[in-house]
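The values are calculated or read from the model by the stated rules, or taken from the named source; none is laboratory data. What you see is a predicted model, and the numbers here were worked out from it, not measured in a lab. Reconstructed Cβ throughout: ideal geometry from the backbone, glycine too, with neighbour counts over all protein chains shown.
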Amino acid sequence: MAAFYSLILVLLLSIAGYFGGSAAGTFFGIIIPYAAIAVFLVGLVYRILLWANTPVPFRITATCGQQKSLPWIQSNRLDNPASGTATVIRMALEVLLFRSLFRNTKAEIKDGPRLVFSERKFLWLAALAFHWTFLFILFRHLRFFLEPVPGCVLIAQELDGFFQIGTPILYMTDLIILAALAFLLIRRLADVQIRYISLFADYFALFLLLGLALSGVVLRYFIKTDISGIKELAMGLVTFSPAVPAGIHPIFFIHIFLLSILVAYFPFSKLMHMGGVFLSPTRNLANNNRTKRHINPWNHPVKVHTYEEWEEEFRDKIKAAGLPLEKV
Amino acid sequence: MRDRSLIYLGLLVFLAVVTFPFTYNLAAGSGSMPDLEYPENETQCVESKEFMRSSHMQLLIDWREAMVRENVRTYTTGDDRNFNISLTNTCLAQCHTSKADFCDQCHSYAGVQEPYCWDCHIDPEQLERSAR
């Protein structure tokens with residue numbers, strides 16, 4: 001049902017964008033995008049500052065590899081780094097290559113009965129494909145927001161359309177992102193266990209992204225619109241002199257409205273893993289508990305009574321009893 | 001904590017990247033929508049202005065298919081006007097004599113990938129320039 005409700009919601013948002021865009025272009029083309037980016041920036045900064053001010057006094061050592069200890073015990077440098085550099089490498093592998101998703105397994109009860117864990121690499125592959133193509137597509141979209149268009153953006157789109165299929169030339173990333181999103185959605189729906197733990201928010205993000213990608217694909221390949229008009233609108237937004245030119249197809253407003261919703265929803269949702277991955281204490285702290293003493297920085301100052309002080313207090317009595325003194 | 005400054009630094013870098021289009025255009029000065037040079041002898045293109053703006057590439061590809069594969073050399077519009085199917089002899093020769101002043105204007109403004117029309121077709125202006 002969660003999947004169904006989120007699909008309905010995204011469809012309603014699309015319909016709102018379609019009809020709202022043609023009826024109230026200023027609202028859907030200017031006010032909502034500005035509001036969305038403002039919510040995004042403020043919300044994201046707020047969440048990061050909140051996380052930055054959350055105390056992480058100790059290193060979390062529950063990692064996947066052998067800790068560095070004695071020289072003759074081989075340690076796993078990347079899974080259980082002891083130095084800052086190795087931690088940076090672990091972070092880079094996690095952020096750029098999603099190493100922890102590579103460990104994805106599926107648990108099944110086989111005949112016996114015995115529990116069997118089998119590898120499932122497709123989650124990792126689809127996630128990698130989705131995130132990288134999404135980044136590439138965002139980068140490609142800079143051609144609408146920058147004037148003059150920098151050469152690297154043009155090179156990126158030329159590489160993307162390398163095979164020169166169709167008119168306008170088919171972008172490979174468009175195919176990859178749709179396939180990856182479709183896989184990620186089907187994965188949640190097909191497997192009963194994953195479906196059980198999937199929530200409204202999981203499907204909503206997926207349908208939002210699918211809607212965004214599909215509306216973009218439709219605009220480029222099927223129902224075309226005046227692209228220089230769209231650039232005019234985008235340039236108006238980034239130069240703070242917004243205007244909605246006439247003759248923009250309503251499908252474009254679906255695209256920009258879904259994007260605005262995605263961007264505004266971002267700080268309040270699981271999409272914040274973009275910032276959160278950098279702040280994961282199990283990933284970003286070196287495991288050097290054995291070599292370095294970590295003292296809780298906000299330890300309450302405890303009043304202690306040392307042996308020296310105790311001896312001083314009872315000096316006479318100890319002496320009278322004939323017991324040995326440390327300090328004679 | 002000593003890591004906090006690192007987080008703030010990362011956040012600042014991220015904000016700089018996200019707001020890059022705003023700062024870039026402040027620095028570069030906003031290029032506005034190009035003014036196209038329209039031909040003096042014609043007021044109406046093959047199809048309506050709106051259609052040509054959004055879908056001229058589709059029309060040109062359809063023309064190519066009709067001409068090259070089906071040997072159809074005349075295109076009849078909805079309002080019964082006939083055109084010789086030819087980029088060089090119709091579009092370029094009759095109206096848009098300068099690729100640089102017409103085609104390239106919007107293409108470079110919107111960052112459109114250089115269309116492969118010019119792999120085969122000759123830009124007459126350029127030909128003139130190289131002949132001189």
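A few comments on the model shown:
- Listed by position, the helices (runs of 4 or more DSSP H) contained in segment B:1-109 that have at least 1 residues being under 23 Å from B:Pro124 (Cβ atoms) and either at pLDDT below 90 or not hydrophobic (A, V, I, L, M, F, W, C) (or both) are B:49-70, B:103-109.
- Selection of segment A:13-49 for residues being within 14 Å of chain B (Cβ to nearest Cβ) and among the hydroxyl-bearing types (Ser, Thr, Tyr) yields A:Tyr34, A:Tyr46.
- For B:Asp123, the test of being charged (D, E, K, R), in contact with an Asp or Glu (Cβ under 8 Å, 6 or more places away or on another chain) and touching a residue at least 24 places away in the same chain (Cβ under 8 Å) is failed.
- Checking each residue in segment B:110-126 for being outside any helix (DSSP H, G or I) and more than 9 Å from chain A (Cβ to nearest Cβ) picks out B:Cys120, B:His121, B:Ile122, B:Asp123.
- Of all residues in segment A:240-268, exactly one satisfies the criterion of being of a type in the set (S, T, N, Q) and at pLDDT below 90, namely A:Ser241.
- All positions within segment A:159-181 that are surrounded by fewer than 15 Cβ atoms within 10 Å (Cβ to Cβ) and outside any loop (DSSP other than H, G, I, E, B): A:Leu159, A:Leu175, A:Ala179
- Residue count for segment A:225-246 under the criterion of being of a type outside the set (D, E, K, R) and closer than 21 Å to A:Thr167 by Cβ: the result is 5.
- Qualifying residue in segment A:246-265 (condition: among the β-branched types (Val, Ile, Thr) and either over 27 Å from A:Val42 (Cβ atoms) or surrounded by fewer than 19 Cβ atoms within 10 Å (Cβ to Cβ) (or both)): yes
- Scan segment A:216-251 for residues that are over 30 Å from the mean Cα position of the chain (by Cα), at the interface with another protein chain (Cβ under 9 Å from one of its Cβ atoms) and outside any helix (DSSP H, G or I) and the total you get is 8.
- Qualifying residue in segment A:130-141 (condition: farther than 30 Å from A:Glu232 by Cβ, touching a residue at least 12 places away in the same chain (Cβ under 8 Å) and surrounded by fewer than 18 Cβ atoms within 10 Å (Cβ to Cβ)): yes
- Residue under evaluation B:Leu87, criteria (1) touching a Pro at 6+ places or on another chain (Cβ under 7 Å); (2) more than 12 Å from chain A (Cβ to nearest Cβ); (3) under 27 Å from A:Tyr221 (Cα atoms); (4) not charged (D, E, K, R), criterion not met: (1)
- Considering (1) away from every other protein chain (no Cβ under 14 Å); (2) under 14 Å from A:Asn287 (Cβ atoms); (3) of a type in the set (A, V, I, L, M); (4) assigned to a loop (DSSP other than H, G, I, E, B), the lone condition that A:Ala86 does not fulfil carries the number (4).
- Comparison of A:Ala23, A:Ala36, A:Ala107, A:Ala16 shows that the only residue that is among the aliphatic types (A, V, I, L, M) and within 23 Å of the chain's Cα centre (by Cα) is A:Ala36.
- Any hit, segment A:150-161, residues being β-branched (Val, Ile, Thr), modelled with pLDDT under 90 and more than 15 Å from A:Leu214 (Cβ to Cβ): no
- Any hit, segment B:25-43, residues being within 26 Å of A:His249 (Cα to Cα), touching a residue at least 12 places away in the same chain (Cβ under 8 Å) and among the hydrophobic types (A, V, I, L, M, F, W, C): yes
- Some residue of segment A:20-31 being under 27 Å from A:Val277 (Cα atoms) and in contact (Cβ under 8 Å) with a residue 12 or more places away in the chain: no
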